[in-house]
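Here is the structure we will look at.
Please treat every number below as a calculation from the coordinates, not as lab data. If you're wondering where the values come from, they're calculated on a predicted model, not measured in any experiment. Reconstructed Cβ throughout: ideal geometry from the backbone, glycine too, with neighbour counts over all protein chains shown.
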Amino acid sequence: MQIWNSLPFKHSTVVLMVTLIVGTVLSSVSIYRDFGTLKNTLDQELYNILEMNRSQALLAVYQVNSQQANKLTEGLLQHPALRGATVVDDFGEVLSSNQRESGNYNSITQWLSRQLFAEEHTLSIHFQIPPFHQSEGMLQILVDDKYVINEFVQRSATRLYHDLTHAIIVSLLLLIFFYNYLSRPIKKIVNWITSLSGDEKTGFPMCIPIVPMMNLAGW
């Protein structure tokens, strides 16, 4: 039990706590910054998906092919971050529309979703119909924002866990280093100085070797 109350162990514990606090703060700041850019990053990714399907939507509208448009919308719903897709022709009529229900998520996920997204987060692109290119069709998607937030929370929790684990390992290594190579030697020096002071108080002389002195005759 003496080691727990010793000064070296207390110094090492301070190093451990400071390292953990700094690691937690840095991880939290990084996660907060990622949350702030989540919407822009997601929108860019989904716009790329819309652009990849632009030609299929244009062909379906140009040929007035509802079956092809339906295949397109069903294919878009395979993406886990989407819960709705719609193709609108150049007359403003819905050529195909498919939706699915969002999953059940906890209150924290729902609250974060309301903070970052609108009630219905939709993205769309417009395309001109040949041959005159005077009318436009539209491909629109509905984002499953709760799924996106839930995935972000899970990734952040995993990241925070790994960061804290790394910080704990580093802290323990620093604790061992400081305790063995810094705190313990200082403690030994303090104990040695204390023992010298104790010898002076008790009146016992220090361990000085006695050398016999020779007289003038050389005896």
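Mind jotting down the distance between the C-alpha centroids of segment 15-71 and segment 121-174, whole Å?
3 Å
How high is the FRET efficiency from residue 20 to residue 188, r the C-beta distance, R0 35 Å, rounded to 0.05? Write out the running numbers ahead of the final one.
On the way: r = 28 Å, r/R0 = 0.80.
Calculated transfer efficiency: 0.80.
Please list, in order along segment 30-43, the HN-Hα scalar couplings obtained from phi with the Karplus expression 6.51 cos²θ - 1.76 cosθ + 1.60 (θ = phi - 60°), rounded to whole Hz, x for Gly and Pro.
Each residue of segment 30-43 in turn: 5, 5, 5, 5, 5, 5, x, 9, 4, 5, 5, 5, 5, 4 Hz.
What ranking, highest mean first, results for peptides 167-176, 134-143, 88-97 when packing means the other Cβ atoms within 10 Å averaged over each residue?
Working: 167-176: 14.7, 134-143: 19.7, 88-97: 16.6.
The peptides rank, most packed first, as 134-143, 88-97, 167-176.
To the nearest 0.05, how large is the calculated FRET efficiency for residue 196 and residue 165 if R₀ is 45 Å and r is the Cβ-Cβ distance? Don't skip to the end; give the middle numbers.
On the way: r = 46 Å, r/R0 = 1.01.
With a Förster radius of 45 Å, E is 0.50.
Sort 54-62, 25-33 for me by packing, meaning the mean count of neighbouring Cβ atoms within 10 Å per residue, highest on top.
Numbers: 54-62: 18.4, 25-33: 12.9.
Packing proxy ranking, top to bottom: 54-62, 25-33.
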